[in-house]
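Report on the following structure.
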Amino acid sequence: MANVLDTLKERGYIAQCTNEQELRELLDKEKVTFYIGFDPTADSLHAGHFIALMAMAHLQRAGHRPIALVGGGTGTVGDPSGRSDMRRMLTDEQIEHNCNCFKKQIARFIDFSDGKALMVNNADWLRKLNYIDYLREVGACFTVNRMLAADAYKTRWEKGLTFLEFNYMTMQAYDFLELNRRYGCKLQMGGDDQWSNIIAGVELNRRKQNVQVYGLTNRLLTKSDGKKMGKTAGGALWLDANKTSPYEFYQYWRNVDDADVEKCLALLTFLPMEQVHELASLEGSKINEAKTVLAYEVTKIVHGEEEANKAKKAAEALFGGAGQAENIPEIQAAAGQKLLDVLTAGKVFASKGEGRRLIKQNGLSLNDARVGDAEYVLQESDFTDGSAMVKKGKKKYFKLLQ
């Protein structure tokens, strides 16, 4: 049986790894307990978490045991990694609610039956810590100059880094220590922006317990131009069907750039790599067949086969020229234009003021995603085969044509 590291490498997950050869040997000889942490900053996971969940699923399929750690403790502080400002402070009630939402979503990806995986909340130990005891046990293992060298802190140095956030790295490191003590956890995984925090946990385990543990980061979900994936006209691409509908979710992946198809198929589906390469090799208009497969497979993983079938049929009806799509009014548009300007010129709105009022009332959708910004500028990715769908109110549809 192939080592799961080879699977992750072939599919393009791995960004950085500590002691890769030792980790490879460990994964070959035993069932390894590993973890990924999810801080409850919202009441749903989003597309950025998707790649981590898929990596976790691959390791479980290879026989290893995942721990899904929800951050009921670390969520009270907030990770400064990748942030230009301090995160919004959440109440205890909000954190608990968000953690419960995360648990339900993670269970779609990971099998928790018969002890095959664990769901743990770091509030169970972090909220019980005595601050002075914590400083003496953990604080003494970190030097300030080493911490300030981390990217998460360097990028915040100019604008200001609160002492609250400065504690975050030590808290995440302590999670790894606690998970090793409680469950024999030997591997922490996460996005590549977590590298400094993960290294801190590896070092803390060595210093406090003289044990060898490992860190592995996956690449972040980005487009070919380096920008993050998962942004729509309505905001983030959520994994919760109530925040991002299965149809909108399907359409997002159906609309990815040609250059991103192979990467998305490899990272976000379980299709064999032979099929991934075959689909990605399609040229011209045939690449849309690969995008349809991508959209269907990703939607099936996140929302289930029934919702994926519904989304596919709806897309075919609206964009394939069949059924109700035949009588939809058409408006000329182009990437770079403001959506409000296009719709006003196309007589969808009698005035821009009317359009702004409807947008404020959540009454306008683009490709089934609510438009929340009256100044939204159309993107190339909004168009599928040269068209995009606008819905005004509940029943009025308009097709934008490039």
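Throughout, read-outs are computed from the coordinates displayed, never taken from laboratory work. What you are looking at is a predicted structure, and each value in this text was computed from that prediction instead of being measured. Every residue, glycine among them, receives a Cβ derived from its backbone with ideal geometry; neighbour counts consider all protein chains shown.
Of all DSSP bridge pairs formed entirely within the stretch 4-218, close to 15 percent run antiparallel. Can you give the % of DSSP beta bridges in the chain that are antiparallel, to the nearest 5? Just about 50 percent of them are antiparallel.
Taking 7 Å steps out from each Cα toward its Cβ at residue 182 and residue 206 produces label points 2.5 nm apart. Summing charges over all other residues whose Cβ lies under 10 Å from the Cβ of residue 269, with Lys and Arg as +1 and Asp and Glu as -1, gives +1. Given points 7 Å out from each Cα along the Cα-Cβ axis, report the residue 352 to residue 113 separation in nanometres with one decimal. Calculated label separation equals 5.8 nm.
Distance between the 7 Å Cα→Cβ label points at residue 286 and residue 334: 3.1 nm.
Under 12 Å from the Cβ of residue 211, count the other residues' Cβ atoms, weight Lys and Arg +1, Asp and Glu -1, and hand me the total.
After counting each charged neighbour, the total is +4.
About its Cα centre, the dipole of the stretch 224-324 is roughly 360 debye, where the only charges are +1 on Lys and Arg Cβ and -1 on Asp and Glu Cβ. Each residue of the stretch 121-134 was assigned a 3J(HN,Hα) from its phi angle through the Karplus expression (A = 6.51, B = -1.76, C = 1.60, θ = phi - 60°), giving 10, 6, 4, 4, 10, 5, 6, 9, 6, 7, 4, 5, 4, 5 Hz with x at Gly and Pro. Here the extension length gained between residue 306 and residue 162 equals 47.2 nm, from 0.36 nm per residue of separation less the Cα-Cα distance.
Cβ crowding within 10 Å ranks 354, 283 as 283, 354, fewest other Cβ atoms first. Residues 125, 195, arranged from fewest to most other Cβ atoms within 10 angstrom of their Cβ, appear as 125, 195. Secondary-structure-derived ellipticity at 222 nm for the chain, considering helices only, amounts to -12500 deg cm²/dmol, per-run term -39500 (n - 2.57) for DSSP H runs with n ≥ 4. Note on 131, 35: ascending count of other Cβ atoms within 10 Å places them as 131, 35, the fewest first.
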